[in-house]
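Student: A single structure is presented below for examination.
The values are calculated or read from the model by the stated rules, or taken from the named source; none is laboratory data. For clarity, every value in this text was computed on a predicted model and none was experimentally measured. As a convention, Cβ positions derive from the backbone with ideal geometry for all residues, glycine included, and neighbour counts pool all protein chains shown.
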Amino acid sequence: MTTTHADLGTNVELPPPASPLRRAFKHPRLMHYNRLAALVLAANLVPLAYGLGAGGWWTRGGVDLRALSYAALANVALAVIVRQQYVINLFFWIATRPPTSWPLKIRWTLGKVYHFGGMHVGGTVAGTLWFLALVGGLTHHAARDLGGGATAGTLAVSYALVGLLAAMVVTALPPLRAKHHDVFERTHRFAGWAVLALFWAQTILFARATGQDLATAPSVWVLSVITFSIALPWLRLRRVPVVLDRPSSHVVLAHFDHGVTPFAGSSTAVSRNPLLEWHSFANVPSPGRSGFRLTISRAGDWTGSFIDDMPSHVWVKGITTAGVANIETLFTKVVYVATGSGIGPCLPHLLAQEVPARLVWSARRHRETFGDALLDEILSVQPDAVLWDTADRGKPDMVRLAYQAYEEFGAEAVICISNKKLTWQVVQGMERRGIPAFGAIWDS
């Protein structure tokens, strides 16, 4: 049975919610992710207004196809680049520079840096709309024999691009992405590569038809940056050995030591078939040791097969990427709330002890499931951790547990690592009461 060093009760009285206006801005529909997407779309209204007015992109004499192509490509470039691992790490580095002496509201906002995916969505949607306008212009030019690069080859490539972009947008819609994630992932990978190739074909055909010099065409340089950004993680594709420790049929601890020791709070993507699917897990480096660990729990077909088969080698790719919990340095003290294998992303920060923290961890039979070694390691740095055994006590009210730990520890923020439903429940439960809270938003 798990030993609980500091077990909080659930009789704590939660503070009343903030004012209706403040609560409204904490609603999931108005989270920073959606605000960033809306901001990108709003920014695109500026070139649209210019094109409809002084720019004269649409006239009786034809359409400014080059301007529309630049607008489309600029948004696609934004969508791709904000997902590039080095760029993501740069976002986190910039956002976590301010000291804890800055006003809490500013640090609270900076802590939402992991919502950067909203720019990806905004750029993708805006880029698709601009591209549809471009295809409409090409069709108009071809039908009226206005020239301007509207050749049969350019039209064929453009219509193929429309079909692929539509497939990517549809499969990325939240309901479909959640229900058919493998389809979403493979569509984005293979259709994305095809879209990139067709963009190159369209750019070359269009440049030749209009007499542009490929060496100086802005679209060629932008496409080069996009191509390099997409290719870079694959250039670091490696098949590496892994040593697996299976403390129970529910969890495996994967140990890697292939010359890479990632920073605490980063993640690594692993695969057994690199062309079909990838899964990201939080890296757990041990202070003073080389290599790192991943905590992988049974949560689906892939993880179940991984635990049962115990492979000797796996594929890794890309650059280790900063995760949600890296924002801890913006606060004087934090409470980590984890359920089950959510302890994985928390563990490197708890071991590093860079920021004073209190752990609240709900799981079934902590020792039996995760093993004595891991639990003792956690308790060595978190002797006052709150360990809630769901097998003995049932499911807890995590909002109340988080709030009481927050109050007793004198923390400034709560970081929750759990499943989607509970993470949003804790984050919204805290924030609607004026408490900074952070957790994954499942946007990939």
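Student: Is it the case that residue 235 is surrounded by 15 or more Cβ atoms within 10 Å (Cβ to Cβ) and among the aliphatic types (A, V, I, L, M)?
Tutor: no
Student: If you don't mind, another one. Among 290, 229, which is the only one that is of a type in the set (Ser, Thr, Tyr) and assigned to a helix (DSSP H, G or I)?
Tutor: 229
Student: Here's something else I'd like to know. Step by step: first the residues of region 93-120, then only those that are among the basic types (Lys, Arg) and part of a helix (DSSP H, G or I), then the one that is farthest from the chain's Cα centre (by Cα). Which residue is that?
Tutor: 105
Student: Inside region 297-314, can you point out the residues that are modelled with pLDDT under 90 and of a type in the set (A, V, I, L, M)?
Tutor: 299, the sole residue that qualifies.
Student: Shifting gears a bit: Please go through region 51-66 and pick out each residue that is under 37 Å from the mean Cα position of the chain (by Cα) and among the aliphatic types (A, V, I, L, M).
Tutor: Passing the criteria: 52, 65.
Student: Looking only at residues in region 432-443 that are in contact with a strand residue (DSSP E or B) (Cβ under 8 Å, 6 or more places away or on another chain) and surrounded by fewer than 23 Cβ atoms within 10 Å (Cβ to Cβ), which one is farthest from residue 346 (Cα to Cα)?
Tutor: Looking at residues that are in contact with a strand residue (DSSP E or B) (Cβ under 8 Å, 6 or more places away or on another chain) and surrounded by fewer than 23 Cβ atoms within 10 Å (Cβ to Cβ), I get 435.
Student: Please find, among 414, 426, the residue that is part of a strand (DSSP E or B) and either under 23 Å from residue 111 (Cβ atoms) or in contact with a strand residue (DSSP E or B) (Cβ under 7 Å, 6 or more places away or on another chain) (or both).
Tutor: Being part of a strand (DSSP E or B) and either under 23 Å from residue 111 (Cβ atoms) or in contact with a strand residue (DSSP E or B) (Cβ under 7 Å, 6 or more places away or on another chain) (or both) holds for just one of 414, 426, which is 414.
Listed here are the residues, each with its yes/no results for (1) of a type in the set (D, E, K, R); (2) buried (at least 17 other Cβ atoms within 10 Å of the Cβ); (3) touching a strand residue (DSSP E or B) at 6+ places or on another chain (Cβ under 7 Å).
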{"site": "84", "(1), (2), (3)": "no, yes, no"}
{"site": "98", "(1), (2), (3)": "no, no, no"}
{"site": "103", "(1), (2), (3)": "no, no, no"}
{"site": "108", "(1), (2), (3)": "no, yes, no"}
{"site": "111", "(1), (2), (3)": "no, yes, yes"}
{"site": "124", "(1), (2), (3)": "no, yes, no"}
{"site": "129", "(1), (2), (3)": "no, no, no"}
{"site": "155", "(1), (2), (3)": "no, yes, no"}
{"site": "159", "(1), (2), (3)": "no, no, no"}
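Student: Given the conditions (1) in contact (Cβ under 8 Å) with a residue 60 or more places away in the chain; (2) crowded, with 19+ Cβ neighbours inside 10 Å, which single one is not true for residue 294?
Tutor: Against the list (1) in contact (Cβ under 8 Å) with a residue 60 or more places away in the chain; (2) crowded, with 19+ Cβ neighbours inside 10 Å, residue 294 comes up short only on (1).
Student: Checking the condition farther than 24 Å from residue 75 by Cβ, at pLDDT below 90 and of a type in the set (Asp, Glu), which residue from 182, 257, 245 passes?
Tutor: 182
Student: Another question, then. Return yes when residue 90 is in a helix (DSSP H, G or I), farther than 16 Å from residue 328 by Cβ and either at pLDDT below 95 or acidic (Asp, Glu) (or both) and no when it is not.
Tutor: The answer is no for residue 90.
Student: Would you confirm whether or not region 280-301 contains a residue that is in the same structural domain as residue 380 (by TED's automatic domain parsing) and touching a Pro at 6+ places or on another chain (Cβ under 6 Å)?
Tutor: No.
Student: If you check residue 173 against the conditions, is it closer than 30 Å to residue 269 by Cβ and loosely packed, with under 13 Cβ neighbours inside 10 Å?
Tutor: yes
Student: A further question follows. Among the residues of region 386-416, what is the count of those that are free of Cβ contacts under 8 Å to residues at least 60 places away in the same chain and of a type in the set (Phe, Trp, Tyr)?
Tutor: The number of residues fulfilling the criteria is 0.
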